[in-house]
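Step one of this worksheet: look at the structure below.
The values are calculated or read from the model by the stated rules, or taken from the named source; none is laboratory data. No experiment lies behind these values; they were computed from the predicted model shown. We place every Cβ from the backbone using ideal geometry, glycine too, and count neighbours over all the protein chains shown. Accessible surface is based on the protein model in full, side chains and every heavy atom, while ligands, DNA and RNA are left aside. Shrake-Rupley method; radii C 1.70, N 1.55, O 1.52, S 1.80 Å.
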Amino acid sequence: MKNYKLIGCILAFLLFAVVVKAQQMYVVVAGIADYKNINDLTLPVKDAKAITSLFEYHTKHVILLTGKYATKTKLISTLRSQFKHAKENDMVVFAFSGHGYPGGICPYDMTSNEDSGLSYKEIQQVFKETKAKKKIIYADACFSGGLRENAPSSHEPDLYKEQVLLFLSSRSGETSIESPFMANGYFTSFLIRGLRGGADSNKDKKITARELFEFVSAGVKEKSKNQQHPVMWGKFDGNMILMDWNKK
């Protein structure tokens, strides 16, 4: 009888290990302050490193690209190579800090030609190629609200199918503010605080999409004196868990 109990315990442990292993995050973070062809910024590399540090606490699958290493070609190839490892129950995350334009983000080699940018359509194509059913974009970039163009509609999703969430630092006609008196941009500052636990309104150590939006939106609007308004868009459940501190 003891042997049967021991075997049962071992099987239960192995099953638990498989389930835990399947629930992984695969993350690509990019930050560009010094651009090749367009005007430079101050804080995006610091933003990217801070976001990377946060996610590295939860997963070993994190890749950071900064400056000249964040070209359009490199960003696309890195997203593909990183996300191809994700399984159906996993989450893929792309976090970006830098310049943006309506409908896309600006890689290091961005020019005045919009085709040199990384459009949402191109990111969406990479997302379509991954098996993961949870797909997240965090974008701290001017006019990032324009990424909503051609994005998935925000109708109530089938919670057992794909969920895509875009959390964008500003509306399509707004700039994303950075201050020399802060270590990170307004949006990134509150995003990190929120994911670290500041947004955990019910104290269950799980940060949901709804909790994160309410926390970040309120913080950024107050800090910017209502000049910057974060946007959350896509096809997702408001109770989708974006960060779970119970696993640490």
Margin query: Relative to 2.2 N^0.38 Å, what does the C-alpha radius of gyration of the stretch 80-141 come to as a ratio? Two decimals please.
Written below: 1.19
Check: What's the carbon and sulfur percent of the stretch 87-143's accessible surface, probe 1.4 angstrom, rounded to a whole number?
Finding: 44 percent
Notebook entry, point to check: Just how far, in whole angstrom, is the stretch 38-66 from the stretch 211-248 if you go by their alpha carbon centroids?
Noted result: 18 Å
Item checked: the stretch 49-140: chymotrypsin sites (Phe, Trp or Tyr not before Pro) in DSSP loop, at most 16 other beta carbons within 10 Å -> 57
Item checked: Ratio of Rg to Rh over the stretch 209-248 (Cα coordinates, Kirkwood Rh, two decimals) -> 1.07
Item checked: Value of relative contact order over the stretch 205-248, rounded to a whole percent, pairs C-alpha under 8 Å and six or more apart -> 61 percent
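How much of the accessible area of the stretch 195-241, in percent, comes from carbon and sulfur atoms when a 1.4 Å probe is used? Please list the in-between numbers first.
Working: 1110 of 2460 Å².
Answer for the stretch 195-241: carbon and sulfur cover 45 percent of the accessible area.
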Notebook entry, point to check: Taking residue 36 as the anchor, which aspartates and glutamates have their alpha carbon closer than 17 Å to its alpha carbon, excluding any fewer than eight residues away along the same chain?
Noted result: 109, 114, 115
Item checked: Hits among aspartates and glutamates - C-alpha to C-alpha of residue 206 under 14 Å, sequence gap 8 or more where chains match -> 244
Check: Please report, for the Cα atoms of the stretch 179-242, the Rg to one decimal and the Dmax as a whole number; what are they, in angstrom?
Finding: 12.0, 36
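Can you pull out the chymotrypsin sites (Phe, Trp or Tyr not before Pro) in the stretch 202-248 whose DSSP state is coil and whose Cβ has at most 13 other Cβ atoms within 10 Å? Intermediate results must be reported in sequence, preceding the final value.
Details: sites: 213, 215, 233, 236, 245; in loops: 236.
Counting only loop positions with at most 13 other Cβ atoms within 10 Å, none of the chymotrypsin sites (Phe, Trp or Tyr not before Pro) in the stretch 202-248 qualifies.
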